[in-house]
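Heads up: the structure comes next, in structure tokens.
The values are calculated or read from the model by the stated rules, or taken from the named source; none is laboratory data. Note that the structure is predicted; figures quoted are calculated from it, not measured. In this analysis, Cβ positions are derived from the backbone assuming ideal geometry, glycine residues included, and neighbour counts consider all displayed protein chains. Heavy atoms of the whole protein, side chains included, go into the accessibility calculation; ligands, DNA and RNA do not. Shrake-Rupley method; radii C 1.70, N 1.55, O 1.52, S 1.80 Å.
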Amino acid sequence: MSHLVLPRRFRGPLTSANGGYAAGRLAAYVDADAVEVTLRVAPPLDCALDVRREGDAAALLDGDVVVADARPAALDVDPPSPVSFEEAQDAATRHVRLVEAAFSECFTCGIRDEHDGLEIYAGAVAGREPLHAAPWVVGESAPPEVVWAAIDCPGAYAVGAAGRGEVVLGRMTARVARVPDVGERCVVVAWPLGEEGRKAYAGTALFAEDGDLLASARQTWIAPKPKPDA
């Protein structure tokens, strides 16, 4: 049994870990080109979690509670043609800042006084809607789990009616071909892949400035249950 801690710096909602980051941490325990991670409950912060490996799969546990599980998977997503860094900068000007308070400090898309998040603010790409994009200049070493985080939240904006909405990440299947270098200029893109009940599906990808595909993912986002009428 191994153990890991999800530090508060990598929060998504104020009281739990960024889904992409947590998924990427668990994916590291699965020896596969592409890994599917299903989040069962909100990943807790700043506590020792157990990692149980069974065959080629892994599970993240908080005591007896299964937080997430991971397994090898085939990634069936077809990224669009690259968006230039300048187009991504322009798209970011259309970022819709309608974010629930719970997500206001998200490691990927939140605003923090200490500027220790990724500050990836996706907006619609002119002439290519509903494709969303954002520029990302890598400010510090970005291990695979940070790449998973970078291609997490843009998917929520791509499936949201306005802004990020209240959807939470339920499942993410991702492949990281290469982690970007410090100082490298990259582009994150996201696009919707349909809906089914409370579930919405998205594809996301990370490109180097020269158009090289660094990472890609398919996501399942889950909307909250409707509140009963008063």
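Does residue 23 satisfy the criteria of being on the phi < 0 side of the Ramachandran plot, assigned to a helix (DSSP H, G or I), buried (at least 19 other Cβ atoms within 10 Å of the Cβ) and modelled with pLDDT of 95 or more?
Yes.
How many residues, within the range 11-20, are open to solvent by 30 Å² or more (accessible area, probe 1.4 Å) and within 13 Å of the chain's Cα centre (by Cα)?
Final tally of qualifying residues: 1.
For the subset of the range 79-106 comprising residues that are within 23 Å of residue 39 (Cα to Cα) and not aliphatic (A, V, I, L, M), which member is surrounded by the most Cβ atoms within 10 Å (Cβ to Cβ)?
Within the range 79-106, the match that is surrounded by the most Cβ atoms within 10 Å (Cβ to Cβ) is 106.
Could you tell me whether any residue of the range 43-63 is of a type in the set (A, V, I, L, M, F, W, C), out of contact with any Leu (no Cβ under 9 Å at 6 or more places or on another chain), open to solvent by 40 Å² or more (accessible area, probe 1.4 Å) and modelled with pLDDT of 95 or more?
no
Within the range 176-216, count every residue that is open to solvent by 70 Å² or more (accessible area, probe 1.4 Å) and assigned to a strand (DSSP E or B).
4
Read through the list (1) of a type outside the set (A, V, I, L, M); (2) touching a helix residue (DSSP H, G or I) at 6+ places or on another chain (Cβ under 9 Å); (3) open to solvent by 30 Å² or more (accessible area, probe 1.4 Å), then give the number of the only condition that residue 219 fails.
Condition not satisfied by residue 219: (3).
Step by step: first the residues of the range 26-42, then only those that are more than 22 Å from residue 11 (Cβ to Cβ) and not β-branched (Val, Ile, Thr), then the one that is least open to solvent (accessible area, probe 1.4 Å). Which residue is that?
Ranking the qualifying residues of the range 26-42, first place goes to 34.
Considering the range 82-94 alone, what residues qualify as being in contact (Cβ under 8 Å) with a residue 60 or more places away in the chain and not in a helix (DSSP H, G or I)?
Listed by number, the residues that qualify are 82, 83, 84.
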